[in-house]
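Report on one structure; see the data block that follows.
Since every read-out is calculated from the coordinates, none of them should be taken as a lab result. Only a predicted model underlies this, so the values are computations on that prediction, with no experimental measurement involved. A quick note on method: Cβ atoms are made from the backbone with ideal geometry, for glycine too, and the neighbour counts reach across all protein chains shown.
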Amino acid sequence: MERRISVQENAIEAPAAGPIGSSWRDQLRQAVRDPDDLIDLLELPEELRSGARMAAEMFPLVVPQAFLSRIRRGDPDDPLLRQVLPIDAETGPAPAGFSSDPVGEEGASKAAGMLQKYHGRALLIVAGVCAVACRYCFRRDYPYDETPSGLAEWQPALKVIAESPDIEEIILSGGDPLMRSDEWLAELVAQLEAIPHVRRLRIHTRLPIVIPDRVTDGLLTLLSTTRFAPTVVVHANHPAEIDEACGAALLRLVKAGVPVLNQCVLLRGVNDDVSALADLSRALLDVRVMPYYMSQLDPVAGAAHFEVSKERGLEIIAELRKQLPGFGVPRYVQEVIGAAHKVEVQSGCS
Ligand SMILES: *Cc1c(COP(=O)(O)O)cnc(C)c1O
Ligand code: SF4
C-alpha cells in the first residue's frame, strides 16, 4: 500500500533546523521513524524486527523521544510500546467487519477537509500527520492527500460553515491539528471568529501527551484570547503516559482557563484492565483533566488484534464506578455509522 500520509507531510511547515535542542519542532524532527532504530533503542527481541519493518511499510512508524522515554526497555509487552510498535499481526488479511473506512467518514464530507456527522459540530482535518503513529488509529487509511493544506484551500470549508447557521462548534482534528504552527492556527481561528454563529472551538490532539513542549506560550495565548469557548480533548490510554512533563503541560492548559478532557480507546494488552484505567483517571484528575470518552475500537483494517469485547469493556466500567467518583468514569462509547451521536455501549447491544 502507498504511504499516503507522506504527501501531506510536506504541507506542514518543515520543522526549523536549529541549535535549540528542545523545541517541539526539533523533537518532532528527531522522532524515531525507523523500526530497526526502535528495536535497537528499546533492546527488543530480534524476532520482532521483520514484522516491524513489514507493518511500517503500510503505516509508517513515528515515536518522539519524549514518549519513548516512558517505555520500559526490553519489554515487548509494555503498554505504551504496544501502541506504537508495528507488528506482523497488522499485515494479514483483515477479519470480517474490519475495513479502511471503519466509521463511514467518506459519506460525511461537506467540503474538502470538513466532516459533519453530528448536529451543530463540524470537524476540520487541518493536518494529515501526527507526532506519533498509533497502530490502532481509525484514520490509518484516511485519504489525507485530498485535504486542503494552505489557508487559501480552506476557503470552501469556511464558506460552508458561514452558510450553515446551525454549526456552532468547530472541532480541529486530523491527523493532529497541533502539528500546525501557532501562527497558522491563529490565522485559521481568526477566520473562524469572523463567522458570527460559531461559538465554540474544540481541539482534538495527542500532542500534549506525546510532546508536552507543544503546549507553548503561543498556544496558551491563542486559547485564552479567542472569543470562542475553547476545549482541548487530549488522548491518553494508560497512566504511564502521564509523566511529570506531560502532567505539567496539561496543568498549564487548565490554568490558562481551558477545559481539558481526555478520550482513550479500549485496547487489548494496553488498558483492558481495571487498575490501569482507574490509575489513568486518577492521573488525569490530579492535573484537572476530566475523563470524557472511552471508545470501543473502531474496526479499522490492521488493528483487529487490539479488540476487546464489549462484555469485557462493560465489566471494566462497572468496576471503575465502584472505585472512582462519577466524574472520573469515562463514558464508554462506540461510533455507529449513521447514528446521530456517539452511542453509549450497553449490555446486549451489538
Ligand atoms: C466524535 C466526533 C465528533 C464529536 O462528538 P462529541 O460527542 O461531541 O465529542 C464530531 N464530529 C465527528 C465527525 C466525530 O467523529
Ligand atoms: S494521534 Fe490520533 S489521529 Fe494521530 S495516529 Fe494517533 S489516534 Fe490516529
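About its Cα centre, what dipole magnitude does segment 14-90 give when the only charges are +1 on Lys and Arg Cβ and -1 on Asp and Glu Cβ, stated in debye to the nearest 20? Write out the running numbers ahead of the final one.
On the way: 9 positive and 14 negative charges, 94 e Å.
It comes to approximately 460 debye.
Using the number of other C-beta atoms within 10 angstrom as an exposure proxy, rank Arg72, Arg252 with the fewest first. Don't jump to the answer; show the numbers that get you there.
Details: Arg72 14, Arg252 19.
Listed from fewest to most nearby Cβ atoms, that is Arg72, Arg252.
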## Note on the structure
Cα convex hull volume per residue for segment 270-350, in Å³, equals 108 Å³
### Query
How large is the dipole of the chain about the Cα centre if only Lys and Arg carry +1 and Asp and Glu carry -1, each at its Cβ, rounded to the nearest 20 debye?
1060 debye
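For each of Met54, Met114, count neighbouring Cβ atoms within 10 Å of the residue's Cβ, then give the residues from fewest to most.
The fewest-first ordering by Cβ neighbours comes to Met54, Met114.
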### Query
To the nearest Å, what is the center-to-center distance of segment 122-155 and segment 300-320, using C-alpha atoms only?
26 Å
### Task
State the number of lysine pairs found in the chain whose Cα atoms come within less than 21 Å, restricting to pairs 8 or more positions apart or on distinct chains.
6
### Query
In whole Hz, what ³J(HN,Hα) sequence does segment 24-34 give by Karplus (6.51, -1.76, 1.60; θ = phi - 60°), x for Gly and Pro?
4, 5, 4, 5, 5, 5, 8, 4, 6, 10, 10
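How big is D for the chain, in µm² s⁻¹ as a whole number, if Stokes-Einstein is applied with the Kirkwood radius of its Cα pairs at 10 °C and 1.306 mPa s? Write out the running numbers ahead of the final one.
Working: Rh = 20.7 Å.
D, rounded to a whole number, is 77 µm²/s.
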### Query
Residue-wise, which Karplus ³J(HN,Hα) couplings in Hz belong to segment 194-203, taking 6.51 cos²θ - 1.76 cosθ + 1.60, θ = phi - 60°, and x for glycine or proline?
6, 9, x, 7, 7, 10, 10, 10, 10, 10
### Signed unit charges on C-beta, dipole axis of segment 14-90, positive-most listed residue Leu68, Gly51, Ile87
Leu68
### Built amide H within the under 5 Å cut-off of Ser295, gap 5+
Cys264, Val265, Leu266, Val333
### Message
Per residue of segment 256-261, what does 6.51 cos²θ - 1.76 cosθ + 1.60 with θ = phi - 60° give for ³J(HN,Hα)? Whole Hz please, x for Gly and Pro, Karplus curve as stated.
### Response
7, x, 9, x, 10, 10
### Task
Select from Leu28, Leu250, Leu151 the residue whose mean-square fluctuation is largest in a Gaussian network model of the chain (Cα-Cα springs shorter than 10 Å).
Leu151
### Summary
Per-residue ellipticity at 222 nm attributable to helices in the chain (runs of n ≥ 4 DSSP H, -39500 (n - 2.57) apiece, nearest 500 deg cm²/dmol) works out to -8500 deg cm²/dmol
### Query
Stretched out fully, how many nm does the piece from Lys255 to Lys322 gain, at 0.36 nm a residue minus the Cα gap?
21.2 nm
### Query
Between Val300 and residues 5 or more places away or on another chain, which pairs have amide H atoms under 5 Å apart, with H built 1.01 Å from N, and which residues are they?
Ser99
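Give me the compactness ratio for segment 53-103, meaning the Cα radius of gyration over 2.2 N^0.38 Å. Let's see the in-between values first.
Values: Rg = 13.1 Å, N = 51, 2.2 N^0.38 = 9.8 Å.
Taking N as the residue count of segment 53-103, the ratio is 1.34.
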